[in-house]
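Enquirer: Before I ask anything, here is the structure I am working with.
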Amino acid sequence: MKLQNTIIPEQVLCVAAVKYATSEQIENLIRDGFTTLGWSTAQQFHKLHKILPSNCRHHFIGHLQSNKVPKLLQSEIDLIHSVDSTDLISALDTTANSKSKIQHILLQVRTDGTKEHGFSYEEIDEIFPWVLTKQAAVVQGFMTIPPLTDNPEENRSVYKRMREFRDAMEKKYQVSLPYLSMGMSDDYEIAIEEGATIVRLGRILFEQMKKN
């Protein structure tokens with residue numbers, strides 16, 4: 001997929017982060033070929049997803065409260081990136097199981113010490129055997145939001161460690177964890193170089209739209 005002067009590799013999924021987008025902007029993104037949408041709030045998702053084309057795929061990328069899970073899972077969410085607590089894992093597993101469906105999830109790794117959401121690497125390693133017992137909330141990999149920085153290159157080490165951690169967890173637990181959701185508008189190229197399989201792009205897509 002072409003993005004300004006960058007070609008996103010075929011094996012990397014671009015999720016359009018639409019938190020601040022209007023319905024018209026979202027429709028324009030879809031017209032331009034960005035059909036995997038990343039929702040940051042359940043309220044916006046419930047308001048807009050039903051009026052969008054059926055070829056759209058929906059990911060949830062924002063903070064999700066456990067009490068929002070039952071209503072959210074009434075609709076089809078391909079992947080929830082931001083699973084950041086054991087309570088949320090349990091809520092997702094219980095709700096998905098009650099609907100006889102499989103909900104794919106990513107565990108959010110806290111790589112920014114100023115943020116409260118997410119697990120540390122050590123916490124994930126500790127709970128992972130328990131996570132693997134869940135039959136309906138099925139872990140597919142990891143997601144992170146790195147520290148804010150004026151120099152995107154500083155996040156390279158964050159992304160490299162994420163990939164190394166994913167690889168180590170696959171080997172340790174003999175499971176496939178195909179998704180690494182990391183990289184946003186300012187540093188997605190670095191994230192891809194370090195092994196991202198999903199990038200979450202917002203601002204850069206809308207800037208490109210204005211130029212076209």
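FYI, it's all coordinate maths here, none of it is from the lab. For clarity, every value in this text was computed on a predicted model and none was experimentally measured. No Cβ is skipped: glycine too gets one built from the backbone with ideal geometry, and neighbour counts run over all protein chains shown.
Enquirer: Cross-link partners among lysines for Lys171, C-alpha distance below 18 Å, same-chain residues fewer than 8 apart left out?
Expert: Filter leaves Lys160.
Enquirer: How do the peptides 57-66, 136-145, 22-31 rank, highest first, by the average count of neighbouring beta carbon atoms within 10 Å per residue?
Expert: My ranking of the peptides, most packed first, is 136-145, 57-66, 22-31.
Enquirer: Students often get this wrong, so try it: which of [x] 20.5, 77; [y] 19.2, 66; [z] 16.7, 49 is Rg and Dmax of the Cα atoms in Å as calculated from the structure shown?
Expert: [z]
Enquirer: I need the peptides 185-198, 112-125 ranked by packing, meaning the mean over residues of other C-beta atoms within 10 angstrom, with the highest value on top.
Expert: So the order, starting with the most tightly packed, is 185-198, 112-125.
Enquirer: On to the next question. Just need the relative contact order of the stretch 2-211 here, percent rounded to a whole number, with Cα pairs under 8 Å and 6+ apart.
Expert: Computed value for the stretch 2-211: 19 percent relative contact order.
Enquirer: For the stretch 2-211, give me the percentage of DSSP beta bridges that are antiparallel, rounded to the nearest 5 percent.
Expert: Antiparallel bridges make up about 5 percent of those DSSP assigns within the stretch 2-211.
Enquirer: Using 1/(1 + (r/R0)^6) with R0 = 45 angstrom and r between the beta carbons of Asp32 and Glu126, what's the FRET efficiency to the nearest 0.05?
Expert: The formula returns an efficiency of 0.60 here.
Enquirer: Additional query: To make sure I understand the rule: partners must be aspartates and glutamates, Cα under 13 Å from the Cα of Lys115, and not fewer than 8 residues away in the same chain. Which ones qualify?
Expert: Answer for Lys115, where 13 Å is the Cα cut-off: Asp84, listed by chain and number.
Enquirer: How far is it, in nm, from the label point at Asn97 to the one at Thr133 when both lie 7 Å from their Cα along the line to the Cβ?
Expert: Modelled inter-label distance: 1.0 nm.
Enquirer: Where the centre of each part is set by its Cα atoms, how far does the stretch 45-100 sit from the stretch 173-203, in angstrom?
Expert: So the separation of the two Cα centres works out to 20 Å.
Enquirer: Please enumerate, by chain and number, the aspartates and glutamates with C-alpha under 12 Å from the C-alpha of Lys99, excluding those fewer than 8 residues away in the same chain.
Expert: Of all the aspartates and glutamates, those that pass the test against Lys99 - Cα under 12 Å, at least 8 places apart if same chain - are Glu76.
Enquirer: If I model a spin label at Ser75 and Gln25 as a point 7 Å from the Cα along the Cα→Cβ vector, what separation in nanometres do I get?
Expert: 1.8
Enquirer: I would also like to ask the following. Of Leu13, Leu132, Gln74, which is farthest on the positive side of the dipole of the chain, counting Cα position, with +1 on Lys and Arg Cβ, -1 on Asp and Glu Cβ, and the Cα centre as origin?
Expert: Gln74
Enquirer: Rounded to two decimal places and with Rh computed the Kirkwood way over Cα pairs, what is Rg over Rh for the stretch 1-98?
Expert: 1.00
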